[in-house]
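Below is one structure, written out as structure tokens; comments come after it.
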Amino acid sequence: AARVAIMTFLIEEFVTYHSTTSSGHPINIVLIGCGLDVLSLYGYSLQPNTVRVYEIDCPEICALKYDALLSMDMLQSSTLPEIETTSGGQSVVHQGILKFPEVTTANAPNYVLVSADLKDTSSFQASLDSTLD
């Protein structure tokens with residue numbers, strides 16, 4: 001409970017600060033080892049028209065989270081193809097638009113879920129490269 005309270009406070013402070021200083025630029029929330037928690041979605045709900053969410057975790061957890069978001073109809077999916085890594089492993093990047101009633105300008109993906117083995121830096125780098133402009 002303490003971890004969630006601290007993370008919630010930090011996300012609120014981060015979004016509040018950057019809402020006043022970002023001059024219309026997106027506010028990016030990145031969680032490495034995101035697990036199944038919904039902290040990033042809470043951060044997104046604070047400023048849904050400016051926050052973009054990036055979550056990174058192992059393939060098994062990402063598959064569970066992605067399926068849960070789809071089954072709860074919280075994500076309009078636009079999954080990118082799998083990316084072959086140099087080690088022969090696979091990384092999957094799911095991206096889409098989070099569905100919140102108060103969102104008015106979500107025409108571009110505002111949610112990215114990166115599935116990667118963080119012990120395999122080439123897999124992780126390939127996944128990141130595919131999501132960044």
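Just one of the numbered conditions (1) in contact with a Lys or Arg (Cβ under 6 Å, 6 or more places away or on another chain); (2) assigned to a loop (DSSP other than H, G, I, E, B) is not true of D37; which one?
(1)
Outside any helix (DSSP H, G or I), among the hydrophobic types (A, V, I, L, M, F, W, C), in contact with a Phe, Trp or Tyr (Cβ under 9 Å, 6 or more places away or on another chain) and modelled with pLDDT of 90 or more: does that describe I29?
Yes, satisfied.
Conditions tested, residue by residue: (1) surrounded by 15 or more Cβ atoms within 10 Å (Cβ to Cβ); (2) over 17 Å from S127 (Cα atoms).
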| residue | (1), (2) |
| --- | --- |
| G33 | no, no |
| V38 | yes, yes |
| G43 | yes, yes |
| I56 | yes, no |
| A63 | yes, no |
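Residues in segment 26-44: is at least one more than 26 Å from L118 (Cα to Cα) and of a type in the set (S, T, Y)?
No, every residue in segment 26-44 fails to be more than 26 Å from L118 (Cα to Cα) and of a type in the set (S, T, Y).
Listed here are the residues, each with its yes/no results for (1) under 30 Å from D120 (Cβ atoms); (2) of a type in the set (S, T, Y); (3) in a helix (DSSP H, G or I).
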| residue | (1), (2), (3) |
| --- | --- |
| A5 | no, no, yes |
| E12 | no, no, yes |
| G24 | no, no, no |
| E60 | yes, no, yes |
| L70 | yes, no, yes |
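The values are calculated or read from the model by the stated rules, or taken from the named source; none is laboratory data. This one's a predicted model, so the numbers in the text were calculated from it and none came from an experiment. Neighbour counts are summed over all protein chains in view; Cβ atoms, including those assigned to glycine, are modelled from backbone coordinates with ideal geometry.
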